[in-house]
1. Among D262, D273, D232, which is under 28 Å from the mean Cα position of the chain (by Cα), acidic (D, E) and at positive phi?
2. Looking at (1) closer than 30 Å to T143 by Cα; (2) open to solvent by less than 10 Å² (accessible area, probe 1.4 Å), which one does F250 not meet, given that it meets all the others?
3. Looking at G412, G418, G462, which is the one that is at positive phi and either part of a strand (DSSP E or B) or surrounded by fewer than 23 Cβ atoms within 10 Å (Cβ to Cβ) (or both)?
4. Tell me which residues, restricted to region 249-273, are in contact with a Ser or Thr (Cβ under 7 Å, 6 or more places away or on another chain) and under 23 Å from Q447 (Cβ atoms).
5. Checking the conditions here, which among G289, G323, G314, G285 is at positive phi and in contact with a Phe, Trp or Tyr (Cβ under 9 Å, 6 or more places away or on another chain)?
6. If you take the residues of region 566-583 that are among the aliphatic types (A, V, I, L, M) and closer than 12 Å to R643 by Cβ, which of them is modelled with the lowest pLDDT?
7. Is it true that L457 is under 29 Å from R321 (Cβ atoms), open to solvent by less than 10 Å² (accessible area, probe 1.4 Å) and part of a loop (DSSP other than H, G, I, E, B)?
Amino acid sequence: MKKQLSFILSLCAFGAFAQSSVSEEQHAAPGQALVENENYVPIKKGVSAVASTGIGKASNAFSTLGVRTYLWVDPSINTIAFTHRNDINSFPGTTSGHLRYDVSKDGGTTWSVDQGPIWSPTGASGQLNAPARYPQGVIFNPTGNTVADSAYLAFFASSLNGSNSAGSWGGQVVGSTQLNGTDLYSQEITTQPSAGLFWQVADDITFVADSQKVFGINGADDITSGSPVYRDTVIISTGVFNPTNKRIEFTHSKLRFPFAGDTAGTGNPLLTDIKISFSPNGSVGYITGLGYLNDPSIAPYGVYSPSFMRTTDGGKTWSARTGVNIDNLQITGHGTLTFKDSLSSLYPAWTIGALTSAFEHDMVVDKNGNPHMIMNLCPSANNTITSSASTGTAFSVYSALNMIVDVYSTDGGVTWKGQFIDTVNTFRGNYGVDPANPDFSEDNRPQIARTQDGSMLIYAYGSTGSLLNFGTTDNLYPDVWMRSLAVDADTMGTRRDMTGATADIGSAVQFNLPHIVYNIDANGEIKVPVTATGLAGGDPTQVLTSVQYNYYDFMYKPGPDNFSVAEFDINKGDISSLFPNPASNNVAVVFNVKEAGKYTLEITNMTGVTVKSIDLGNIGSGNYKELVDIKNLTSGVYIVSLRSGKYSTAQRLIVN
């Protein structure tokens, strides 16, 4: 019998899920490299309810755009560091292109904020010693060290020295400083076209404790002619500690990582995102990217596909670039069922010809040396015919049918499958005074971390939770949502809204997850540090004024997977609609039964707790409507499920 998935409950933002209700809004990749001219358990900070802590500040919200390594944690010395730009209001006489960092040496309890500056430009944009942008940083902990003050911050940032693009991009700032405030070292590198070294915005940085190396990665984007052209090359920056000078010194090498050009457009290779990560012992590593491959065996025209290269010798040599076919990606725990076939079953009025990734991803390597890439998967707009018989443009997504997925391998990249993580209420938020012409856009920022031993993974993504709270279906007031994966058991943990039940609801703008989090503790919890950008008054239009960075000390408990991708036999029945939705007093649950049997209706809150259960008894096939009294339910989001034996189907209900 044909199966489908109950994640229909959250494919759309709210309410009914009829074909006509599905948004056909398209999203293309947002502007890159901008230069400014459910689970409501008590989330704990140590032992108390979580509340964010204000840390450093910056002059505007253009410091932490996109999924990059702004936040780093070293559990072995209980130290957390966050790298960011400077706030000119706090430090008169400086520029927004100065760089600073915040550090906690007691696991987030207390902070030393706005340390530095670690980069002090003396030139204007287009000159050497230029203002810096998008700083990333990692904690370099020398082997055997147990003292936080003896560790170093290694940092990596773009500078506007104009050597790649007149008056703008071209430089890369690298350097280090000891966390006791001494031994600051920084160097600005310039674009060298003759050597094929083109610098724009750094993509990622990581630290490998076993090899004592820092690895940074940049896509070689040539902007010397005006428009960015990716030169099918990534630049690997390798940082090694010099004990004599007490600094981390970088060398730079090129590695071929080719992607195809858009033959119907500019012809330039299309690559949206690159990441680098290594296993806990540092021997196995991966470079991953999202881009167009022009390979029909992987995907048709108009699709961004994940690709990877692998090393088994700590980064000395790398395999050739290999693409991953996401249309054939089978859903873990569901036999041969693919994500594409499942969406096609859920939305038969849509003809989904191909899936595509969205425009950003994150990646870690687990304890077994296997890669995990978290990303959005959506219908490819130009390969899909919607229920209104329309089709979209190439390299765009239909974001209403939007899944957060872990694309992963258990055999070193030979075969691939997918863990279904969640669907999301919202996809994109356009920030600035004019949403039609935003200062910048942010999508769900899917991110992934591993515990220090690599036995557990944490997935995180940002989505605005409720129209009732914020009056918008745009992703302008995101919460941090988390799930987990036990690597060896290949089992998912509970989905939890980490900010939705606190004073920090909707505050996780530009949230950042570190690559590494703490190992699971004796209470079965994982300490997950997170930072986010606090806009003035929480107003998404206020991106050009000073921002306050906030720190969240989350304690995530994996718990049972009560939000798994439950199978539902479409021959047994389903919920047709909930009306009204949102509702306040009563809701009519309209459902059909195709196979006689014992059925129940259940309403659960986002913790997975059943708040109402109605035994429908043994009923025959047919169409039914059950009026359910919900006056005693508090405002929020609930899941209404129709159950029969091990099968269930569900829809999301908003109670106001």
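The values are calculated or read from the model by the stated rules, or taken from the named source; none is laboratory data. Just so we're clear, the structure is a prediction, and the values are computed from it rather than from any experiment. When we count neighbours, we look across all protein chains shown, and the Cβ atoms used for this are built from the backbone with ideal geometry, even at glycine. Note: accessible area is taken over every heavy atom of the protein model, side chains too, but ligands, DNA and RNA are not part of it. Shrake-Rupley method; radii C 1.70, N 1.55, O 1.52, S 1.80 Å.
1. Details: D262 fails: at positive phi; D273 fails: at positive phi.
Residue meeting the stated conditions: D232.
2. (2)
3. Working: G418 fails: at positive phi; G462 fails: at positive phi.
Within the list G412, G418, G462, the selection yields G412.
4. Hit for region 249-273 is F257, nothing else.
5. Details: G289 fails: at positive phi; G323 fails: at positive phi; G285 fails: at positive phi.
After applying the criteria, what remains is G314.
6. Initially, region 566-583 is screened for residues among the aliphatic types (A, V, I, L, M), giving 566, 570, 575, 578, 583.
Imposing the further condition that a residue be closer than 12 Å to R643 by Cβ reduces the set to 566, 575.
Values: A566: 36, I575: 80.
My answer is A566.
7. Details: under 29 Å from R321 (Cβ atoms): yes; open to solvent by less than 10 Å² (accessible area, probe 1.4 Å): yes; part of a loop (DSSP other than H, G, I, E, B): no.
Criteria not met by L457.
A quick yes/no check of all residues on (1) of a type outside the set (A, V, I, L, M); (2) open to solvent by 10 Å² or more (accessible area, probe 1.4 Å); (3) over 25 Å from I217 (Cβ atoms):
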site: Y70; (1), (2), (3): yes, no, no
site: P75; (1), (2), (3): yes, yes, no
site: I80; (1), (2), (3): no, no, no
site: H84; (1), (2), (3): yes, no, no
site: I88; (1), (2), (3): no, yes, yes
site: F91; (1), (2), (3): yes, yes, yes
site: L99; (1), (2), (3): no, no, no
site: G107; (1), (2), (3): yes, no, yes
